[in-house]
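The values are calculated or read from the model by the stated rules, or taken from the named source; none is laboratory data. Bear in mind the structure is a predicted one, so any value in this text is a computation, not a measurement. All Cβ positions, glycine included, derive from the backbone under ideal geometry; neighbour counts span all protein chains shown. The area values use the complete protein model at the heavy-atom level, side chains included, leaving out ligands, DNA and RNA. Shrake-Rupley method; radii C 1.70, N 1.55, O 1.52, S 1.80 Å.
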Amino acid sequence: MVNTSELERKATPSADLDRAATLQRLIQQRHPLPAHSGLQTIRDRALNLLQDQALPNTKDEEWRFADPSALYAIPFQPAPAVDVESMGDWTVGDWAIATLPIRIVVINGRLSSELSNLESLPPGIAIGSLATADETLQPYLAQQQGMNEVFTALNTASFSDGVVIRIGKNQRLETPIHLLFLTAPSAAPIVTTSRALVIAETGSSATLIEEYGALDGGSSLGTSSLDASNSNPYWTNAVTEVWLGDNAQLHHTRTQREAATAFHIGKTTVSQSRDSRYSLCAVSLGAQFSRHNPEIVLTGLQTETHLNGFTLAVQSQVADTHSLIHFAQPYCIAKQLHKCIANDRARVVFNGKLEVPKAAQQTNAAQLSRNLLLSPKARVDTKPQLEIVADDVKCAHGATVSQLDDEEIFYLQSRGLDRKSACDLLVKGFTAEITEKVPSEELRSRLLQSVLSQIQS
Amino acid sequence: MIIENSEVILSVNDLTAEVDDIEILKGINLEIKAGEIHAIMGPNGSGKSTLSKVLTGHPAYTITGGTVTFKGQNLLDLAPEERSREGLFLSFQYPLEIPGVSNLDFLRVAYNSKQKHLGLEELDAFDFDDLIRDRLDIVKMNPAFLDRSVNEGFSGGEKKRNEILQMALLEPTLAILDETDSGLDIDALRIVANGVNQLAQSDRAILMITHYQRLLDYIVPDYIHVMEGGRIVTTGGKELALELEERGYDWLTEAEPIGAGV
Ligand SMILES: Nc1ncnc2c1ncn2[C@@H]1O[C@H](COP(=O)(O)OP(=O)(O)OP(=O)(O)O)[C@@H](O)[C@H]1O
Ligand SMILES: [Mg+2]
């Protein structure tokens, strides 16, 4: 564990709240399902899992370094359904990218067919709403490992809609699918339950760009009542399940650019069958408190996994990534690079767990965590967690924590760049190693812009 | 070339500087006029690189005395980037590797910083591409180097050529070359020297730091200074280099030994 400053662990008033009671309240308030919904059994099963649970705090090992307690003090209500008319001046705005024509827009957890665009979707690829899920999805929905973790189970017990993407056998989709999970501002604090299910069948190949944020305000109207309500906290509780069939391939980008007042707790679970290839580029920039858990379970032989992550936290942001790669079979390859930048008083956490049981011989895994601290008060906790039982494996890991290098800054200054431009260029260089994996030029440059402007403010 | 009554570009008077409370420069005096080529030689640790870094404004060094005038301005008042934009350039003895920053982006930002400062047109990526390809030719560098991170994984010689490429792009009034010849084979040395000679014009000047007389066959200096223990102990013409190569540095200071740096 690399600690750059000593943690003062003080009891916050919210720690005294009854974490079980908060969970019960969230359960009570859920939106009911329509009669005969195909989701009922799935929700009931999750409800059972939640019976004896409480929401976590820093006493839970998995939550030691990033305290979610502030969340429990806010009386979140389930996010209401929002149709296009009632959106008023709020728009999808800049979230849509012209060069990504296949677009699915989910507002407050509900798929909006008006705002989505599936015109250019080729045959063999199906995208639809989870509200109408039938029994063909039963083997997939909420069937992955990690479903009993409390926030995930709460999502499963609460969701009434979401997105299902099915890439048919041997289908190849070159154009990225742009999946937007947006929350509409509200006068009261709301919790959005976002859910996606991605099934890539045998031999298929696709690219998915999944983004989280808030609807754009009608800025030309100045301070409308809606703008004011934007300062209300909201909470996104997101779960995406990905199933990769034999020899299937998915390039997955996930960005979290929630509003500054938001809480974001998200899980990406991935199950990889034999010979499948999965790459994730996860970029986390927004929210006052965020947590992302990518959990990859390699159920087949000879799979390949690339996890790339970038987190920026500024001011008093807290951003936590807990990843897991669980090996089960021989000959699997996994490469992970996670980079973080922390400025001001921000905290970032990276915990990267690799589970390599006896059966997973010939595993080849490498994990690297690189962190850049831009302020003496910023803090990073980075920890590899290797649980290796198999004896014939290659598992490398490393972590670095550094600051911007004075010699590098001077070198750039000696070529005419002022200090700020020099620092920007170095930050851009640090970030671009991850963001260059994003398969959209427009999105790449927006992410870089966003990083630079957040660091300046 | 020595030109009668030409403008003084750099004037260093009794310059002293320290790092971590250790005095390294102990009173440097040096005057460089437009058109001239100067060379500084001297044993390891005598303060040659320190002088070049002090002149370009490295923050690790504290000036404790003396003055430096560059093109009529107090150089020590200027930030490192202002010194660069005003036409001072240092080819580093050990050029840095900057992972993640593309060489092309870096060169363009550097070029445009200077253009902006001079009130000249900044170039977009497209026009800059034309310019840089032209300059690449001077140092015979493969365009593939532009797409790589600044100096990352470059060989020693490639790094030095990249420095000269930057010099050719920024066209400084005074270029300080700190051991740009070290570690170059003869072919690379010729290319680098050719690049430097193209820059040498009547309104510009060059200050090169070297250990080897070999460089001076290709870039012929008007003056050679010898540095020892933080001072310039001798100044002579180009023939001094041959004598130094034969006799070493000791004979210069035998009469009056100086507690030189390591
Ligand atoms: N940042 C620093 N911190 C501590 N000592 C320094 C620093 N920079 C230079 N020195 C010391 O100052 C002295 C002069 O160093 P400098 O690099 O200027 O020598 P040089 O003449 O360039 O040597 P060389 O021919 O080996 O390149 C040396 O003793 C060196 O160790
Ligand atoms: Mg030196």
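Worth a mention:
- Being charged (D, E, K, R), touching a helix residue (DSSP H, G or I) at 6+ places or on another chain (Cβ under 8 Å), within 16 Å of ligand 2 (Cβ to nearest atom) and without any contact (Cβ under 8 Å) to a residue 40 or more places away in the chain holds for only one residue in B:185, B:181, and it is B:181.
- Among residues of the range A:415-442, those that are within 8 Å of another protein chain (Cβ to nearest Cβ) and outside any helix (DSSP H, G or I), counted: 4
- Options B:84, B:91: the member that is within 15 Å of ligand 2 (Cβ to nearest atom), within 13 Å of chain A (Cβ to nearest Cβ) and closer than 26 Å to residue B:222 by Cβ: B:91
- Counting only residues that are under 25 Å from the mean Cα position of the chain (by Cα) and β-branched (Val, Ile, Thr), the range A:382-428 holds 4 of them.
- Selected residue [within 21 Å of the chain's Cα centre (by Cα), surrounded by fewer than 19 Cβ atoms within 10 Å (Cβ to Cβ) and away from ligand 1 (no atom under 16 Å from the Cβ)] from B:116, B:71: B:71
- Some residue of the range B:96-110 being within 9 Å of another protein chain (Cβ to nearest Cβ), within 16 Å of ligand 1 (Cβ to nearest atom) and either open to solvent by less than 20 Å² (accessible area, probe 1.4 Å) or in a loop (DSSP other than H, G, I, E, B) (or both): yes
- On inspection, residue B:66 passes the criterion of being more than 16 Å from ligand 1 (Cβ to nearest atom), at positive phi and outside any loop (DSSP other than H, G, I, E, B).
- Contact annotation: residue pairs with Cβ atoms under 9 Å, 6 or more positions apart or on different chains, pairing a residue in the range B:131-150 that is under 15 Å from residue B:195 (Cβ atoms) with a partner that is among the hydroxyl-bearing types (Ser, Thr, Tyr) and open to solvent by 20 Å² or more (accessible area, probe 1.4 Å), are B:132/B:111.
- Pairs, first touching a residue at least 12 places away in the same chain (Cβ under 8 Å) in the range B:214-226, second assigned to a helix (DSSP H, G or I) and of a type in the set (Lys, Arg), C-beta under 8 Å, six or more apart: B:218/B:190
- One residue from B:227, B:167 being crowded, with 19+ Cβ neighbours inside 10 Å, within 14 Å of another protein chain (Cβ to nearest Cβ) and either more than 16 Å from ligand 2 (Cβ to nearest atom) or over 15 Å from the mean Cα position of the chain (by Cα) (or both): B:167
- A count restricted to the range B:230-256 and to residues that are modelled with pLDDT of 90 or more and either open to solvent by 70 Å² or more (accessible area, probe 1.4 Å) or of a type in the set (Gly, Ala, Ser) (or both) stands at 5.
- Count of residues meeting criterion [within 16 Å of ligand 2 (Cβ to nearest atom) and either part of a loop (DSSP other than H, G, I, E, B) or hydrophobic (A, V, I, L, M, F, W, C) (or both)] in the range B:45-63: 9
- For the range A:288-296, the condition holds for no residue, the condition being that it is out of contact with any His (no Cβ under 9 Å at 6 or more places or on another chain), under 16 Å from residue A:192 (Cα atoms) and not polar (S, T, N, Q).
- Strands (runs of 3 or more DSSP E) lying entirely in the range A:94-186 (those with 3 or more residues that are out of contact with any strand residue (DSSP E or B) (no Cβ under 7 Å at 6 or more places or on another chain) and either at negative phi or surrounded by fewer than 23 Cβ atoms within 10 Å (Cβ to Cβ) (or both)): A:110-117
- Residues satisfying the stated conditions in the range B:43-62, i.e. under 17 Å from residue B:249 (Cβ atoms) and either more than 9 Å from ligand 1 (Cβ to nearest atom) or out of contact with any Leu (no Cβ under 9 Å at 6 or more places or on another chain) (or both): B:43, B:44, B:45, B:46, B:48, B:49
- Contact map, the range B:37-64: first residue without any contact (Cβ under 8 Å) to a residue 40 or more places away in the chain and within 14 Å of another protein chain (Cβ to nearest Cβ), second residue among the acidic types (Asp, Glu) and more than 13 Å from ligand 2 (Cβ to nearest atom), Cβ cut-off under 8 Å, separation 6 or more or different chains; pairs are B:59/A:406.
- Subset tally (residues that are in a strand (DSSP E or B) and surrounded by 22 or more Cβ atoms within 10 Å (Cβ to Cβ)) for the range B:33-44: 5
- Residue A:397 touching a residue at least 60 places away in the same chain (Cβ under 8 Å) and farther than 18 Å from residue A:67 by Cα: no
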